[in-house]
Amino acid sequence: MPEWFVITWAGMVGAAFGSFLNVCIYRLPRNESLLHPPSTCPRCGSRIAWYDNVPVLGWLWLRGRCRKCREPISIQYPLIELLNGLIWAGAAWYWGATWPALGAAAFGTLLVGITITDARHYIIPHEFTIGGLGIGLAIAAVQGWAPLERALLGAAAGFALLYGIAWAGEKVFRKEAMGGGDIWMMTMVGAFVGWRGVLLTIFLGALLGTVIFVPLAWLTRRHPHWEHSEGDGEPGLPLVPFGIFLAGGAAVTYLVGDGLIAWYLRTVLGS
Ligand SMILES: [Zn+2]
């Protein structure tokens, strides 16, 4: 098969999964079924025909409006379909028609889903984390015992480390500093990046969070998600959608983690 064919095909499959991801992002935080009912307009309730549901193109030829009632359809839908199509096409371009390419594409899809739900609802659905853990372990298992061992160790490391951080955070701040969603997310991430990757992801996530969220939180101090401690009205801990930063760290780790870890071992630890 010519390479361009594989890349185009992967991009189309990725866009279709992006379409399903849109359904997940909308329905999972609302605890709605992913299969029923079929896609409808949230305003007029009319069924969305299959030809209007074609990834990216459907939104374009409807010019971003419901065919029946002309209610605007969020640009988030085609953008996520496009992004996911590019992730899958990129994975096929870089790894070819291989299991690692499928692993990268699935991992990217899961991270996009987690990023959007965590940013919009402060929720990391178990379908992405525990479901994604199953996908990660399965893709590792088909490649043999060594990749499966790496994935299992990574998942165990992700769970244990985040469980430890959550436990310590609760002791220090006297309240839940990190949700179960973060713990299961890093368990899933570990299955894709291995235990060294888990360490790098947490480091990069904390770094990204500090560089991006702290100035942002300071600028938007009146943000409704900024919790207040009882009594004195002093601002308490901001509720941080930490999953976003972990997702960014995980993506960087997946792409260039091995190089970063090798560089760190060589130059910083001198081994
Ligand atoms: Zn409508």
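The values are calculated or read from the model by the stated rules, or taken from the named source; none is laboratory data. As the structure is a prediction and not an experimental result, all values here were calculated from the model. As a convention, Cβ positions derive from the backbone with ideal geometry for all residues, glycine included, and neighbour counts pool all protein chains shown.
Output the number of residues of the range 1-20 satisfying the condition of being assigned to a helix (DSSP H, G or I), more than 11 Å from Gly85 (Cβ to Cβ) and aliphatic (A, V, I, L, M).
Result for the range 1-20: 1.
Restricting the range 60-97 to residues that are away from the ligand (no atom under 16 Å from the Cβ) and part of a loop (DSSP other than H, G, I, E, B), which is surrounded by the fewest Cβ atoms within 10 Å (Cβ to Cβ)? Reasoning before the result, please.
Of the range 60-97, the ones away from the ligand (no atom under 16 Å from the Cβ) are 60, 75-76, 78-97.
Next, only the ones that are part of a loop (DSSP other than H, G, I, E, B) stay: 75, 96-97.
Values: Ile75: 10, Gly96: 14, Ala97: 14.
Looking at the filtered set, the residue picked out is Ile75.
Would you confirm whether any residue within the range 26-37 is closer than 27 Å to Leu111 by Cα, touching a strand residue (DSSP E or B) at 6+ places or on another chain (Cβ under 9 Å) and free of Cβ contacts under 8 Å to residues at least 12 places away in the same chain?
First pass over the range 26-37, keeping only residues closer than 27 Å to Leu111 by Cα: 26-37.
Filter once more, keeping what is touching a strand residue (DSSP E or B) at 6+ places or on another chain (Cβ under 9 Å): 37.
If we keep only those that are free of Cβ contacts under 8 Å to residues at least 12 places away in the same chain as well, we get 37.
Checked the range 26-37: at least one residue is closer than 27 Å to Leu111 by Cα, touching a strand residue (DSSP E or B) at 6+ places or on another chain (Cβ under 9 Å) and free of Cβ contacts under 8 Å to residues at least 12 places away in the same chain.
Can you name every residue in the range 24-52 that is within 16 Å of the ligand (Cβ to nearest atom), modelled with pLDDT of 90 or more and within 21 Å of Glu127 (Cβ to Cβ)?
Tyr26 - this is the single residue of the range 24-52 that is within 16 Å of the ligand (Cβ to nearest atom), modelled with pLDDT of 90 or more and within 21 Å of Glu127 (Cβ to Cβ).
Here's the yes/no breakdown for (1) more than 12 Å from the chain's Cα centre (by Cα); (2) surrounded by 19 or more Cβ atoms within 10 Å (Cβ to Cβ):
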| residue | (1), (2) |
| --- | --- |
| Ile114 | no, yes |
| Leu133 | yes, yes |
| Glu149 | yes, no |
| Ala160 | yes, no |
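I'd like to check something: does the range 2-9 contain any residue that is within 16 Å of the ligand (Cβ to nearest atom), of a type in the set (Asp, Glu), more than 23 Å from the chain's Cα centre (by Cα) and farther than 27 Å from Gly181 by Cβ? Even if it seems obvious, please write down each step before you answer.
Pass one, the range 2-9, residues within 16 Å of the ligand (Cβ to nearest atom): none.
Scanning the range 2-9, I find no residue that is within 16 Å of the ligand (Cβ to nearest atom), of a type in the set (Asp, Glu), more than 23 Å from the chain's Cα centre (by Cα) and farther than 27 Å from Gly181 by Cβ, so the answer is no.
Before we move on, is Gly108 part of a helix (DSSP H, G or I) and farther than 23 Å from Leu208 by Cα?
Working: part of a helix (DSSP H, G or I): yes; farther than 23 Å from Leu208 by Cα: no.
No: the conditions fail for Gly108.
Quick one: in the range 187-219, of everything that is touching a residue at least 24 places away in the same chain (Cβ under 8 Å) and either among the hydroxyl-bearing types (Ser, Thr, Tyr) or not in a helix (DSSP H, G or I) (or both), which residue is farthest from Gly131 (Cα to Cα)?
Ranking the candidates gives Thr201 first.
Does Trp184 satisfy the condition of being within 15 Å of the chain's Cα centre (by Cα), among the aromatic types (Phe, Trp, Tyr) and in a helix (DSSP H, G or I)?
On the way: within 15 Å of the chain's Cα centre (by Cα): yes; among the aromatic types (Phe, Trp, Tyr): yes; in a helix (DSSP H, G or I): yes.
Criteria met by Trp184.
Only one of Ala97, Ala49, Ala92 is in contact with a Lys or Arg (Cβ under 9 Å, 6 or more places away or on another chain) and among the aliphatic types (A, V, I, L, M); which?
Working: Ala97 fails: in contact with a Lys or Arg (Cβ under 9 Å, 6 or more places away or on another chain); Ala92 fails: in contact with a Lys or Arg (Cβ under 9 Å, 6 or more places away or on another chain).
Residue meeting the stated conditions: Ala49.
Can you tell me which residues in the range 138-147 are surrounded by fewer than 18 Cβ atoms within 10 Å (Cβ to Cβ) and either in contact (Cβ under 8 Å) with a residue 24 or more places away in the chain or of a type in the set (Lys, Arg) (or both)? Walk me through it before giving the result.
Of all residues in the range 138-147, those surrounded by fewer than 18 Cβ atoms within 10 Å (Cβ to Cβ) come to 138, 141-146.
Across the range 138-147, the qualifying residues are Val142, Gln143.
Name every residue in the range 162-194 that is of a type in the set (Phe, Trp, Tyr) and buried (at least 18 other Cβ atoms within 10 Å of the Cβ), in order of residue number. So that I can check it myself, show each step before the final result.
Here is the first cut: in the range 162-194, the ones of a type in the set (Phe, Trp, Tyr) are 163, 167, 173, 184, 192.
If the condition is that a residue be of a type in the set (Phe, Trp, Tyr) and buried (at least 18 other Cβ atoms within 10 Å of the Cβ), then Trp184, Phe192 are the ones that fit.
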